[in-house]
Amino acid sequence: MKLRKVTAASAVVLALAVTATACGSDNKKDSGSSGSGGGKITVGIKFDQPGIGQKTPQGYAGFDVDVATYVAGKLGYKPDQIQWKETKSAERENALSRGDVDFIAASYSITPARQQKVDFAGPYLLAHQDVLIRADDTAIKSPSDLNSKKLCSVTGSTSAQNVHDKLAPKAQLQQYPTYSACLTGLQNKAIDALTTDDSILAGYASQAAFKGKFKLGGFKMTNENYGIGVKKGSDLKAKINTALEAMVSDGSWQKAVDKNFGPAQYKNEPAPKIGNIVS
């Protein structure tokens, strides 16, 4: 009889535990994939691009961070519900397909090849390949002036090679491990110009340590349509597009541009229309 009482009591405890677990499961949200708020949402950004996406001692900063925070807000998530995840260029498609992130805002240019693997909301910024030169440089006024000049880009990037192949065949290509190293070389006159997307260049030039020391060439050598990547077939695409339209219409988009790129006198293109990919 005593054994029965213990067994019955155990059964009650077990039932209560199962009920509590089930209730907890009902309240848990799966990483925000439905975009309806609550729980957490995981967003992929760059951690090492000042002005675009950067992890700092104070938190995360940059234009992409501001865009992603605004979008997440429209999806129902407060800033403290955003989990930021570093997504390097080579890992962006894999991160989306595996479900590591809900969406990616990481200077992610929309290309036909990438559109085969992921869906893009946007574009939300039209950038261009450009060069950064010293503020007192008056010799480099066009891409052809890069001939016989030392042109820097980061190891593994095709930006400098593109300039060499198409615009300045006599440019002396220099590969440095990071953009910061290129900037130091530019400041010390070890190189004459640095090339990549103008938005990235503006972000670096806007850093306090480099303020007023560099300027953009304004050459617009390519068109880079930045989009927000989502998993193929995700219903987040339409919701993010709606959020981006709201960001432009209420002035938040331009404020983010001025805040992150303004110190470099970045002459940004107007906010692109959703779905308008400039080739």
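Before moving on, here are some points about what is shown:
- For GLN83 and GLN58, the difference between the fully extended length at 0.36 nm per residue and the C-alpha to C-alpha distance is 7.5 nm.
- Based on protein heavy atoms only, the chain ends up with 50 Å² per residue of surface accessible to a 1.4 Å probe.
- Hits among lysines - C-alpha to C-alpha of LYS170 under 21 Å, sequence gap 8 or more where chains match: LYS141, LYS149, LYS150, LYS189, LYS220
- Cut-off 13 Å between beta-carbons: net charge of the residues surrounding GLY251, Lys and Arg +1, Asp and Glu -1: -2
- Modelled spin labels at GLN175 and THR242, positioned 7 Å past Cα toward Cβ, are 4.7 nm from each other.
- DSSP bridge orientation in the chain - percent antiparallel, rounded to nearest 5: 60
- Surface composition of the range 106-159: carbon plus sulfur atoms hold 47% of the accessible area, using a 1.4 angstrom probe and ignoring ligands, DNA and RNA.
- Cβ-based net charge around GLN172, under 12 Å, with every Lys or Arg adding one and every Asp or Glu removing one: +2
- Note on the range 61-137: dipole from Cβ charges, positive end direction compared against LEU126, LEU96, ALA72; the farthest Cα belongs to LEU96.
- Note on the chain: dipole from Cβ charges, positive end direction compared against GLN254, ILE41, GLY217; the farthest Cα belongs to ILE41.
- If you bin all the Cα-Cα distances of the chain at 10 Å, starting from zero, the percentages per bin are 7, 26, 29, 18, 8, 4, 3, 2, 1, 0.
- Here the range 103-117 and the range 141-219 have alpha carbon centers that stand 24 Å from each other.
- About the centre of its Cα atoms, the chain shows a dipole size close to 740 debye [charges on the beta carbon of Lys, Arg (+1) and Asp, Glu (-1) only; nearest 20 debye].
- Measuring max minus min along each principal axis, the C-alpha atoms of the range 97-182 give extents of 47, 25, 23 Å (largest first).
- Portion, in percent, of the accessible area of the range 194-258 that falls on carbon or sulfur, probe 1.4 Å: 51
- Expected 222 nm ellipticity per residue - DSSP helices of 4 or more, -39500 (n - 2.57), all of the chain, to 500: -10500 deg cm²/dmol
- For the range 195-279, dividing the convex hull volume of the Cα atoms by the residue count gives 116 Å³ per residue.
- Bins of 10 Å, starting at 0 and running to the largest distance - Cα pair percent for the range 55-214: 9, 33, 32, 20, 6, 0
- In the range 92-193, Cα pairs under 8 Å separated by at least six residues give a relative contact order of 24 percent.
- Bridge orientation summary for the range 61-205: considering DSSP beta bridges with both residues in this region, about 35 percent are antiparallel.
- Trypsin sites (Lys or Arg not before Pro), loop per DSSP, at most 13 other Cβ atoms within 10 Å - longest free stretch of the chain: 29-87
- Max mean-square fluctuation residue, GNM over the chain, Cα-Cα springs under 10 Å, options ALA168, ALA190, ALA90: ALA90
- Surrounding net charge for PRO123, when Lys and Arg each add one and Asp and Glu each subtract one, Cβ distance under 14 Å: -3
- Rg and Dmax [Cα atoms of the range 41-93; Å; Rg one decimal, Dmax integer]: 10.6, 30
The values are calculated or read from the model by the stated rules, or taken from the named source; none is laboratory data. In this text, all values refer to a predicted model and were calculated from it rather than measured experimentally. Counting neighbours? That spans all protein chains shown, and the Cβs are built from the backbone with ideal geometry, glycine included. Calculation scope for accessible area: heavy atoms of the full protein, side chains included, ligands and nucleic acids excluded. Shrake-Rupley method; radii C 1.70, N 1.55, O 1.52, S 1.80 Å.
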